[in-house]
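To start, the structure under review is shown below, and the notes come after it.
Nothing in this text is a laboratory measurement; each read-out follows from the coordinates by a stated rule. All figures in this text were calculated on a predicted structure; none of them were measured in a lab. Positions of Cβ are generated from backbone atoms using ideal geometry, with glycine treated the same way; all protein chains shown enter the neighbour counts.
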Amino acid sequence: MVKVSDTLGKRLLQARSASGMTQGELAEAVGITQPSYSALERDISKSTSKIGSLARLLGVDAYWLETGEGAMRRSGLSEALTDYALPPETRRILHSLGKMTERKRKALLELISYSE
């Protein structure tokens, strides 16, 4: 019997599905191509130097992602304070904000303030 977390690819798929992110969004956020990320999920590629970045974006423990051992998510208050405790839509908005120029962020904040 094979558990979902038996391979890096299966752990990535499980965590990405829970996050609501697409392969393309995740790949772009960590600086790899979507086909390279897809190869990881399909267990064609067996490792990556981006484990820490992937774990942070997916909101999972890096050791769990790398080895399958331990808990998928850290427990306790620290988990509630991290961005992976946010709904997927909120994470996508924050990700988009991080990619905007300062001018666009200011314009968006003015728009939000105006509509309040």
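Things worth noting here:
- Highest to lowest packing among 6-17, 39-50, 22-33, 99-110, scored as the average C-beta count within 10 Å: 6-17, 22-33, 39-50, 99-110
- ³J(HN,Hα), Karplus 6.51/-1.76/1.60, whole Hz, each residue of segment 20-26, x for Gly, Pro: x, 7, 8, 4, x, 4, 5
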